[in-house]
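**Student:** Before we start, here is the structure in question, set down as structure tokens.
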Amino acid sequence: MALKLPSFKFLNPNISTIRSPPLLRKFSSSSSSLPVSASGTTLREAGPGFQLRFSRSVNPARLPHPPPATSQKPISVIKALQDYYESYNSNVHRGIHYLSSKATEKYELAREKVAAFINAEESREIVFTRNATEAINLVAYSWGFTNLKSGDEVVLTIAEHHSAIVPWQFVAQKTGAVLKFVDLNEDEVADVVQLKEMISSKTKLVVVHHISNTLVLDPATTRFGCFKFIGAHAVEAKVLVDACQSVPHMPVDVRDLDADFLVASSHKMCGPTGVGFLYGKSDILSAMPPFLGGGEMISDVFLDHSTYAEPPSRFEAGTPAIGEVIGLGAAIDYLQGIGMQKIHEYEMELADYLYENLSTVNNIRIYGPKPSKGVDRAALCSFNVKNIHPTDIATFLDQQHGVAIRSGHHCAQPLHRYLGINASARASLHFYNTKEDVDYFIHALNDTVNFFDSFK
């Protein structure tokens, strides 16, 4: 399986040219930094592995980080997609023949896997969507327009992803509801004290990230991670959790969180693009009107009106992304085969190692809290280096060292404005990375900084 990336002219003429070098090392049990699973395999040995390859030249001596803003796909996920299209390609819920029955069985099995993965009470609390963005829009258009009125308040934090802000701006503009935003505290995390103080009898919804994609606080050891603590339910407000950055990296239990809604995206959890999911408590989903109209979401259609199916079908109009949903189920099998707690513990080790080493770079500013006994960071860092634009850093790292990081506002412009910056660079890690990858990234970053500093 090859991934064709844009071709760039290298600044360094001494970099040798090799066709399709591997992005990731072959899985090996020789690295002492890799934890061992219950079956005796390392994280990189678990499952059939990954097969992403670059079709452009990179330095073969070292290995680049995986591209940020998504995750790599295990071969088992790719094979699940291939198997669907080659062996039982058919629409779901629409036929009694063998192919349709098998496709429907696999599709609904994936729903059961998602429900079990986040400990939902039942699979009908899982609605498949195109992505987490659509899942939030579903809640906004269905629950929001039905339940919010002028003067009602929606509480969010300044650190939310645009996908968790913009839909509620639409709702507020049309209903007269008010959006209120929680600032950061001195540790550059959402201020839980202020959040609790903002909640009142006017509050109808709290929208909050589980882990920030920029400030990267891991909520597992903080009160922010338990949404019972913020008091929303005491005033009968609902809580929507953006779990895109937590579901792929740690055990997530919706019943323990007591979330009314939770969204996540397949492509961040080693699954295919084009599919995400919404978790909603069954009684809330049952009271919500449809989001889109069409086939599958109906019970009966008459010329002057229609009646609607029960959830989740009510919210899955038209032909869904069948192969992608089945691939998501395969990704969950892969992650559970390793163990989410094991992944979480290993990534916490990587996160500390990344922060510790990144802190040694000259003139660097890392955003979010410092790791400490009471504060864990997720395995990524957003940063800036004084007098060097983050896009220049990202470009040089890519062209000269084959290291992929993200630069820009990371779909969090309000947060960046709050921090007094226009953009930042972001290095992301997952369980298939090692400390050796971090070492090479730091080496490449130091070389990049030295290059730009030489022009001063």
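**Student:** Each residue of segment 438-453 in order: what ³J(HN,Hα) in whole Hz does its phi give by Karplus 6.51 cos²θ - 1.76 cosθ + 1.60, θ = phi - 60°, with x for Gly and Pro?
**Tutor:** 4, 4, 5, 4, 5, 4, 5, 5, 4, 5, 5, 4, 4, 4, 6, 5
**Student:** Another question, if that's okay. Of the cross-linked pairs K204/K268; K149/K196; K180/K238, which ones have a Cα-Cα span greater than 26 Å in the structure shown?
**Tutor:** As for pairs spanning more than 26 Å Cα to Cα, those are K204/K268.
**Student:** In addition: Can you give the charge dipole size of segment 234-327 about its Cα centre, rounded to the nearest 20 debye, using +1 on the beta carbon of Lys and Arg and -1 on the beta carbon of Asp and Glu?
**Tutor:** 260
**Student:** Just the number please: accessible area per residue for segment 67-144, 1.4 Å probe, all protein chains included, in Å².
**Tutor:** 44
**Student:** So, one more: Go through 113-120, 362-369 and give me the packing order, highest mean Cβ count within 10 Å leading.
**Tutor:** 113-120, 362-369
**Student:** Now a separate question. Between E236 and D258, how many nm apart are label points set 7 Å from Cα along the C-beta direction?
**Tutor:** 1.7
**Student:** In what sequence, highest mean first, do 137-149, 189-201, 417-429, 94-106 appear when ranked by Cβ atoms within 10 angstrom?
**Tutor:** 137-149, 417-429, 189-201, 94-106
**Student:** For segment 221-319, which trypsin sites (Lys or Arg not before Pro) are both in a DSSP coil and crowded by at most 15 other Cβ atoms within 10 Å?
**Tutor:** The qualifying sites are K228.
**Student:** What is the total of Lys pairs in segment 323-456 with C-alpha atoms under 27 Å apart, excluding same-chain pairs fewer than 8 positions apart?
**Tutor:** 8
**Student:** Sticking with this structure for a sec: Heavy atoms only, probe 1.4 angstrom, no DNA, RNA or ligands counted: give me E236, E188, E125 ranked by accessible area, highest first.
**Tutor:** E236, E188, E125
**Student:** May I pose another question? With the calculation restricted to Cα positions, what are the radius of gyration and Dmax of segment 303-447 in angstrom?
**Tutor:** Rg, Dmax (Cα atoms, Å): 20.5, 70.
**Student:** Quote the charge dipole size of segment 90-131 about the Cα centre in Debye, to the nearest 20; the model charges only the Cβ of Lys and Arg (+1) and of Asp and Glu (-1).
**Tutor:** In debye, rounded to 20, segment 90-131 gives about 280.
**Student:** Quick one: which of 440-452, 322-334 comes out on top by average Cβ neighbours within 10 Å, and what's the full order, highest first?
**Tutor:** Top of the packing list down: 322-334, 440-452.
The values are calculated or read from the model by the stated rules, or taken from the named source; none is laboratory data. Note that the coordinates shown come from a computational prediction; the quantities given were computed from them, not determined experimentally. So basically every Cβ, Gly included, is an ideal-geometry build from the backbone, and we count neighbours across all protein chains shown. These area figures cover heavy atoms from the full protein model, side chains too; ligands, DNA and RNA do not enter into them. Shrake-Rupley method; radii C 1.70, N 1.55, O 1.52, S 1.80 Å.
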